[in-house]
1. Residue separation times 0.36 nm, minus the C-alpha to C-alpha distance between A:Thr58 and A:Ser131: what's the value?
2. Provide a whole-number value for the mean count of partner chain Cβ atoms within 10 Å of the Cβ atoms in peptide B:126-138.
3. Under a point spin-label approximation (7 Å from Cα along Cα-to-Cβ), what is the A:Glu171-B:Phe50 distance to one decimal in nm?
4. By the scheme Lys and Arg +1, Asp and Glu -1, what is the net charge of all other residues having a beta-carbon under 10 Å from that of B:Ala269?
5. Could you work out the relative contact order of region A:71-278? I mean the mean sequence separation of Cα pairs under 8 Å and 6+ apart, divided by the number of residues, in percent.
6. Stretched out fully, how many nm does the piece from B:Phe161 to B:Arg214 gain, at 0.36 nm a residue minus the Cα gap?
7. Helix check for chain B. Which DSSP H runs span at least 27 Å along their own axis by Cα, with a mean Kyte-Doolittle hydropathy no less than -1.0?
8. Nearest 0.05, what FRET efficiency do B:Ile196 and A:Leu14 give at R0 = 25 Å with Cβ-Cβ as r?
Amino acid sequence: MNGLVVRGPGTRALLWSLLVAVLVLYGFPFAYLLLTSFKTPLDTIAVPPTVLPQHWTTANYADALSRDGVVPSLINSTTTAILSTLLSLLLAVPAAYGITRFRTLPGRVFIMGALVARMVPPVAIGIPLLSMIRALGLIDTPAGLAIAHTTLSLPLSIWLMASFFEAVPDELDEAAVVDGCGRLTALWYVVLPVVTGGLAVTAIFAFLASWNEFLFALLLTSVRAQTTPIVIANFQTQFGLDWGAMTALAAIYSVPVILLTLILQRHIVAGLTLGAVKG
Amino acid sequence: MRRVDDRTFATLLMAPAAVFLAVFVAWPLVRLVVDSFFEISPIADGPRSFVGLGNYLQALRSEEFTGAAVRTAGYTALVVTAEFVLGLAAALLFSLLGTRSAVFRTVFLYPLMIAPVVAGLLWRFLLIDNFGIVNELLSRIGILPGADAIGWLSNPDIVLFSVAIPDIWLTTSFMTLVIFAGLQNVPGEVIEAARIDGAPAVSMLFRIILPLLRPVIAVALIVRGIDAAKAFDIILIQTRGGPENASQTLSLLIYQTMIRFGDPGLASAMATMYLVVMLLVATIAVWFIWRPGAVRQ
């Protein structure tokens, strides 16, 4: 720990109360979403609004899940995100290994290229991508959408994996190669087991990029492959402003990934801050 | 079996990802730029005619485009500044409190996992006229004279600020975590020495801590700046760019020009200019403040 820590008890008490206030404010919006999802329709739009439900009910959840397309959309979201995560890792792991281990000029050019790809606004490539995915016969399928989502997650995955590989000493795989391993075998059996934490972080970010994505899902799917963010957004037009069912579905969609985050939080913090701290 | 040399092996490893990005990112960009010189009928395989720079001139002459460009810059500056100030404050707070505050950093993580669509809808609900809880609570503690005193999303003068709130809420945590991690690497002796010299807290922050954190802050600002400039769904879901286009940023304008008004050529010209400016700004920022890889040599 560094010298920033304050020791005076009075100041510490003040800072702690400040922290609690900040956390309450920061946590309130999502807490209010959860509370609203347990309100009755009348409570939801009551004037003046109340923080706590007057009558607790799970009707919104039953309502949201029983609507057309909601359950299939959850399946689609999961399928698309898993496909995109696998594709992203499959492409990023060898690429990042090639960039960090051999330090060739093409490698340096490529990692800068990946950074440029990260800057491209999705709206700029959306329409050309639409006609390409259509030409491949993958329009309105999880596979087609997963390809589009991988264009978003791949650059970040390459950067993350490259920084994790940097942390592994070169001697490790060199020793394996000297011992007679092929270089691919060394990557698979010697290097990858050392960076499983990094793989997990990269996988989570690739998964979230797809899970939470909206624009490509809007352009590339219509009925069969529609993902849940589109369905949530449609709640407001198709059925009037239906906040009860919307908050329930938003909770169903968000709570699992938030729990996953809490479980894996130490790894995620490492992944988020790694590149920055090294740079 | 003949072994390939290291250079070839490295290239083979990179090839699949490079081909993927070339096909699904670079090629669409080429088509975007080509399309920007044509007048294109929105129906599939409809007629197209070469118009040279016509689409560019049309975009630059329209107040919609220049307005959206200004709003995008304003939105990005607002989001990044707010996140930086709040993120730095939170990171300092966590650092001042030491290891025992570690558990609470977790609470800071959770908005990062929430879909922008959900965040946008949630804040629209919190800020909605009539039954929005924010105005209700603000008026109850006496900050606002009444629950209908501010029309967050209906007043064109402040709507660009209001639509930025969920974006700031979602990713201030990113800024906090990155700056916090950077703070952990500030050598304790430096702080200790300054403290013994009796340096006041404010000058310690601006003279010692912030300069030491410069590379970390640069990365965080660039990453967030790029993302904020691309903001689409979070604004679309709150206001669809309204009222009176007051929250219409470039992403929304390009999308609407393409889909709703069926003018792919004009939309492509707008997107090309948007992309070129963004790449220029980001490249300059990366080159001069960050220089990735430079530390390794």
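Laboratory data are not the source of any read-out in this text; all were calculated from the coordinates shown. Since the model is a prediction, treat every value here as computed from it, not as a measurement. Neighbour counts run over all protein chains shown; Cβ positions are idealised from the backbone, glycine included.
1. So the extension gain works out to 22.0 nm.
2. Values: counts 6, 0, 4, 0, 5, 8, 3, 9, 4, 2, 5, 5, 0.
The mean count of partner-chain Cβ atoms within 10 Å per residue comes to 4.
3. Between A:Glu171 and B:Phe50, the label points sit 6.3 nm apart.
4. Summing Lys and Arg as +1 and Asp and Glu as -1 gives -2.
5. 32 percent
6. Values: separation 53, 0.36 × 53 = 19.08 nm, distance 2.73 nm.
Going from the current span to full extension adds 16.3 nm.
7. On the way: long enough: B:63-97 (50 Å, 1.29); B:159-184 (38 Å, 1.60); B:264-285 (31 Å, 1.89).
Span-like helices in chain B: B:63-97, B:159-184, B:264-285.
8. 0.60
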